[in-house]
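Shown next, in structure tokens, is the structure this report addresses.
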Ligand SMILES: [Zn+2]
């Protein structure tokens, strides 16, 4: 069985052998320990390690520069009244008439769903007043949101 040649004879043919280690690293000085460093204040508690400094002292503004001030962010409340917010429950809205935030009052009026329910009951044989029941059911009526102060119509919610 063939074995690997010894290391001394394993240089590549055509390449010069590398320089020895001493020739390459000879001019690099080795580490020589110097004198030990002792802090001047060896007494504990004599001086705080990190003295408190104000921010302005650490980073003084350049000459001629304006002092940096934090811009004041003003929060402005915007009242949005999309029609989709009006359902069959009172909502908090801003009345443009009396310029107040009010809770809307609900007015239930007969709408399309009310009449369709009435017609459906009549078709299925509910005569003699029974077909008028949808006109008494608020959940089948359209809803008009009004201002409680000036009675202005603020929004209308239609079932269909
Ligand atoms: Zn109003």
Distance in nm between pseudo-label sites at residue 101 and residue 130 (7 Å out along the Cβ direction from Cα):
4.9 nm
What is the extension gain from residue 22 to residue 152, computed as 0.36 nm multiplied by their sequence separation minus the C-alpha to C-alpha distance, in nm to one decimal?
36.7 nm
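Can you give the Rg/Rh ratio of segment 94-157, where Rg is from the C-alpha atoms and Rh is the Kirkwood radius?
On the way: Rg = 15.8 Å, Rh = 13.1 Å.
With Rh from the inverse mean 1/r over Cα pairs, Rg/Rh is 1.20.
Every read-out reported here was derived from the displayed coordinates using simple, explicitly stated rules and does not represent laboratory data. As the structure is a prediction and not an experimental result, all values here were calculated from the model. We place every Cβ from the backbone using ideal geometry, glycine too, and count neighbours over all the protein chains shown.
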